[in-house]
Amino acid sequence: MNFDDIRIIGGSASQGLTKAICADLGMAPGRGQVQRHPDGNLVVRVGENVRGRDVYVIQATAFAANDHFMELLFWIDACKRGSAASVTAVVPYFSYAKGDKKDEPRVSIRARVCADAMEAAGVDRVVTIDLHAPQIQGFFRVPVDDLTALPVLGQVVRDMKLPDLVVVAPDAGFAKKARMWATYLGVDLAIADKERRDDHGDLVISGIIGDVRDRTALIVDDFTVMGSTLTCVARRLVEAGARQVYAAITHGLFTRACVEALQESPIKTLLVTDTVEHGLDDLGGKIRVVTVAPLFAEAIRRIHTRQSISVLFES
């Protein structure tokens, strides 16, 4: 495959993933520079010719979400002003995906604002993975490819050969995606009855809907920040008679407090992808990172060669 007309540039939030994607594609990352001034201003500079090239900018929006989202906009703008033929934003983690609706008075639909800003900057396509709210694809007028980490994480679970497995959705809202996991693994589904009274309120797990007694439970979710949902559901599963508890999530927004909470929980192993670069040196013995670089690399390869990417969603 000829990559002369393609450039892959990694933003400062996704340097490691960018290198892994480029290694899979057999090419070097594009050159670029980000300068941060004392007052917080960012200056983004593309370090090579992108005229007439298809550019892929890889940038998660976390740690810190606002800075890295603004940097993403500047990368898009810099590439378009450099006469790139197209600019695809590869966003491994889209931080404002929870802001997909106006669920209380006088709040912003943050995901829509982000979509409008990316389009105003000139983005031609967006590639992401496991959006918290899939309907966000409809906020964009440009194509959006929402990949899933299920085949990647699911294969690892298959290889673990966990006995008497049951997939557990952490709440009713994730039941549909958890059903996809259960179908992929050929096992039963259970659902935790979760209630969160407000964004800062206590988490209550009233019970588990489904049979988990004497079985191995696998909690699946799209992301974790503080680990409260995973740890609370895990404890409730043990109380309900589960023999052992595992978990698998796509986006690990780990803080030190989150890692400590997970280490003290009944969860034996937490599988997580490398969509977010959290900066922690030690994730403890329970967290196992699985790369999604080959998945993104194959998506880029197929987009560039004008092939269907629907095969990436097949289990």
Of all residues in segment 257-281, how many are touching a residue at least 12 places away in the same chain (Cβ under 8 Å) and closer than 16 Å to G16 by Cα? 9
Does I8 count as buried (at least 19 other Cβ atoms within 10 Å of the Cβ) and assigned to a helix (DSSP H, G or I)? no
Could you go through segment 279-299 and let me know if any residue there is of a type in the set (G, A, S), touching a Lys or Arg at 6+ places or on another chain (Cβ under 8 Å) and either farther than 15 Å from T255 by Cα or not in a loop (DSSP other than H, G, I, E, B) (or both). no
A175 being in a helix (DSSP H, G or I) and either touching a Ser or Thr at 6+ places or on another chain (Cβ under 7 Å) or closer than 26 Å to L237 by Cβ (or both): yes
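Quick check, is Y93 under 21 Å from F223 (Cβ atoms), among the aromatic types (F, W, Y) and surrounded by 22 or more Cβ atoms within 10 Å (Cβ to Cβ)?
In short, yes.
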Could you check how many residues of segment 110-137 are farther than 17 Å from S95 by Cα and among the small types (G, A, S)? 3
Would you confirm, using the coordinates I've provided, whether F3 is of a type in the set (F, W, Y), closer than 27 Å to R301 by Cβ, outside any helix (DSSP H, G or I) and touching a Leu at 6+ places or on another chain (Cβ under 8 Å)? yes
Can you report the number of residues in segment 215-240 which are at negative phi and not in a strand (DSSP E or B)? 16
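Can you tell me which residue is farthest from G279 (Cα to Cα) among those in segment 241-258 that are outside any strand (DSSP E or B) and modelled with pLDDT of 95 or more?
Residues of segment 241-258 outside any strand (DSSP E or B): 241-243, 253-258.
Next, from what is left, pick out any that are modelled with pLDDT of 95 or more: 241-243.
On the way: G241: 36, A242: 33, R243: 33 Å.
Among them, the one singled out is G241.
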Pairs with Cβ under 7 Å, 6+ apart, first in segment 96-116 and free of Cβ contacts under 8 Å to residues at least 40 places away in the same chain, second assigned to a helix (DSSP H, G or I) and surrounded by fewer than 14 Cβ atoms within 10 Å (Cβ to Cβ): D100/Q135
With among the aromatic types (F, W, Y) and more than 24 Å from D274 (Cα to Cα) as the only criterion, which of F174, F140 stands out? F140
Would you point out the residue of segment 135-178, among those that are touching a residue at least 12 places away in the same chain (Cβ under 8 Å) and among the basic types (K, R), that is nearest to I303 (Cα to Cα)? R141
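Condition check ((1) aliphatic (A, V, I, L, M); (2) buried (at least 16 other Cβ atoms within 10 Å of the Cβ); (3) in the same structural domain as V225 (by TED's automatic domain parsing); (4) closer than 20 Å to S12 by Cβ) across all residues:
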{"position": "E264", "(1), (2), (3), (4)": "no, no, yes, no"}
{"position": "K268", "(1), (2), (3), (4)": "no, no, yes, no"}
{"position": "D274", "(1), (2), (3), (4)": "no, yes, yes, yes"}
{"position": "E277", "(1), (2), (3), (4)": "no, yes, yes, yes"}
{"position": "D281", "(1), (2), (3), (4)": "no, no, yes, yes"}
{"position": "G285", "(1), (2), (3), (4)": "no, no, yes, no"}
{"position": "E298", "(1), (2), (3), (4)": "no, yes, no, no"}
{"position": "H304", "(1), (2), (3), (4)": "no, yes, no, no"}
{"position": "S308", "(1), (2), (3), (4)": "no, no, no, no"}
Scanning segment 25-83 for residues that are in contact (Cβ under 8 Å) with a residue 12 or more places away in the chain and touching a Leu at 6+ places or on another chain (Cβ under 8 Å) gives V34, V57, I58, Q59, A60, T61, A62, F63, D67, M70, E71, F74
Every pair of residues 6+ apart whose Cβ atoms lie under 7 Å, when the first sits in segment 296-315 and is in contact (Cβ under 8 Å) with a residue 60 or more places away in the chain while the second is aromatic (F, W, Y): I300/Y56; S315/Y184
Out of A149, A60, A111, A172, which single residue is crowded, with 17+ Cβ neighbours inside 10 Å and modelled with pLDDT under 95? A111
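The values are calculated or read from the model by the stated rules, or taken from the named source; none is laboratory data. Just so it is clear, the structure is predicted and the values come from calculations on it, not from any experiment. Every residue, glycine among them, receives a Cβ derived from its backbone with ideal geometry; neighbour counts consider all protein chains shown.
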